[in-house]
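Working notes for the structure below.
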Amino acid sequence: MIAFGCSITKPEVYAGCAEAGIRRAVEPDSEVIANAAAGSLARSYNLIKEMVADREDLEALVLVHQDAEITDEDFCQRIRGVLEDPEVGVAGCVGAIDVRSIAWWEGSVTWASFVHRYREFGGGDVVSVTWDKDRLPPYARTGEVDTLDGFVLVLSPWVVRNIRFDESLGLIHGYDFDFCLQVRQAGRKVVTADFNAIHHHSLELVRDPELWADAHMKVAEKWHGKMPGVGLPGWGSPENDWRARARHAEAQAGAAHLQRMSWEMQAEAREQQLQKELDVILNSTSWRATAPLRRLSTALKGWRGRNGRVR
């Protein structure tokens, strides 16, 4: 039995996104746990895990953000294939290697089979690098990675029963990177899998940079010395220790970079919206019908410019 879980803060978003994808993916015996959020996302996910941990027939637990939509009708078959390897602990459709912090996108993304769908500026899609399987870049591959984007996570039964999401990190940021580090530390694999999803998300990637920076620091301090290349030790407060101040500055720089990415995506979306509006005008019947008058007007202006204004 493959179970699906979702933490809900906006029922209308869940109904239009996660619920639609889960209905597409479920099997007759699947259990769907759609709960109202219980504080942080980590806390909500831990409660969902506890609800299925004792199921002897559990094959996997799929945790889906309320604004994430699974698009594959054969999703369960796909993840069964991934979990045939007993060493796999958690899988997702977006992953990267050489990751040093919760800013996983600053590593080398090796697989990202999803679309970022937004509603601003008339709506649109930002297509990720491996969404189109006919145009894969040379470096694209599924398999073992350092971390996953947590908007869709597939947990093996062993991980469901033995690894917990860290509820001390904050409301939402950093939980996925920390969870993947825990899985790897326990000797299980973190892998990308060939399934597809749509992330229905605003172009505003981070609403509170300070919360994001705080999670960045907590994860870095927690994992320094435990996983190669991750974090620094917590040498006191930012006011009293230069190393901690450096960590704080790094976290703030990461948040600023995320905001810049958001602004660039918004600018590109706005440009696309204006181009669509222009195309509608240029292809309209009225625009084509009045083309002779515009040409005549342009010709008259040119004649007047050469011969002086008609009085």
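Which condition breaks for A213 when tested against (1) out of contact with any Gly (no Cβ under 8 Å at 6 or more places or on another chain); (2) on the phi < 0 side of the Ramachandran plot?
Failing condition for A213: (1).
Among the numbered conditions (1) at pLDDT 90 or above; (2) under 29 Å from E69 (Cβ atoms); (3) touching a helix residue (DSSP H, G or I) at 6+ places or on another chain (Cβ under 8 Å), tell me where N196 comes up short.
Looking at each condition in turn, N196 falls short on (3).
Looking at (1) among the aromatic types (F, W, Y); (2) modelled with pLDDT of 90 or more; (3) in contact with a His (Cβ under 7 Å, 6 or more places away or on another chain), find the lone condition where Y118 falls short.
It fails just one condition, (2).
Please go through the range 103-115 and give me each residue that is modelled with pLDDT of 90 or more, hydrophobic (A, V, I, L, M, F, W, C) and out of contact with any Ser or Thr (no Cβ under 6 Å at 6 or more places or on another chain), ordered by number.
Within the range 103-115, V109, V115 meet the criteria.
Which residue pairs have Cβ atoms closer than 6 Å, lie 6 or more positions apart in sequence or on different chains, and pair a first residue in the range 67-91 that is surrounded by 18 or more Cβ atoms within 10 Å (Cβ to Cβ) and among the acidic types (D, E) with a second residue that is part of a helix (DSSP H, G or I) and at pLDDT 95 or above?
Every condition considered, the pairs that remain are D67/V13; E69/A20; E69/G21.
For the range 76-150, give me every one of the strands (runs of 3 or more DSSP E) that falls completely inside it and has 1 or more residues that are β-branched (V, I, T), touching a helix residue (DSSP H, G or I) at 6+ places or on another chain (Cβ under 7 Å) and closer than 23 Å to S30 by Cβ.
Per the criteria, 88-92.
When the residues of the range 181-196 are narrowed to those that are under 21 Å from the mean Cα position of the chain (by Cα) and among the hydrophobic types (A, V, I, L, M, F, W, C), which ends up farthest from S128 (Cα to Cα)?
That would be V183.
Looking at the structure I just gave you, is E69 at pLDDT 95 or above and in contact with a Lys or Arg (Cβ under 6 Å, 6 or more places away or on another chain)?
So E69 fails the test.
Please go through (1) in a loop (DSSP other than H, G, I, E, B); (2) at pLDDT 95 or above for D178 and return the number of the only condition it doesn't satisfy.
Only one criterion is unmet by D178, namely (1).
For the range 106-121, name all the residues that are buried (at least 17 other Cβ atoms within 10 Å of the Cβ), within 21 Å of G229 (Cα to Cα) and not aliphatic (A, V, I, L, M).
G107, T110
When the residues of the range 1-45 are narrowed to those that are β-branched (V, I, T) and in a helix (DSSP H, G or I), which ends up surrounded by the most Cβ atoms within 10 Å (Cβ to Cβ)? Steps first, please.
Looking only at the range 1-45, we keep the residues that are β-branched (V, I, T), and these are 2, 8-9, 13, 22, 26, 32-33.
Now drop any that are not in a helix (DSSP H, G or I), which leaves 13, 22.
On the way: V13: 15, I22: 22.
Once the filter is applied, the top-ranked residue is I22.
The values are calculated or read from the model by the stated rules, or taken from the named source; none is laboratory data. Everything quoted here is computed from the prediction, not taken from an experiment. No Cβ is skipped: glycine too gets one built from the backbone with ideal geometry, and neighbour counts run over all protein chains shown.
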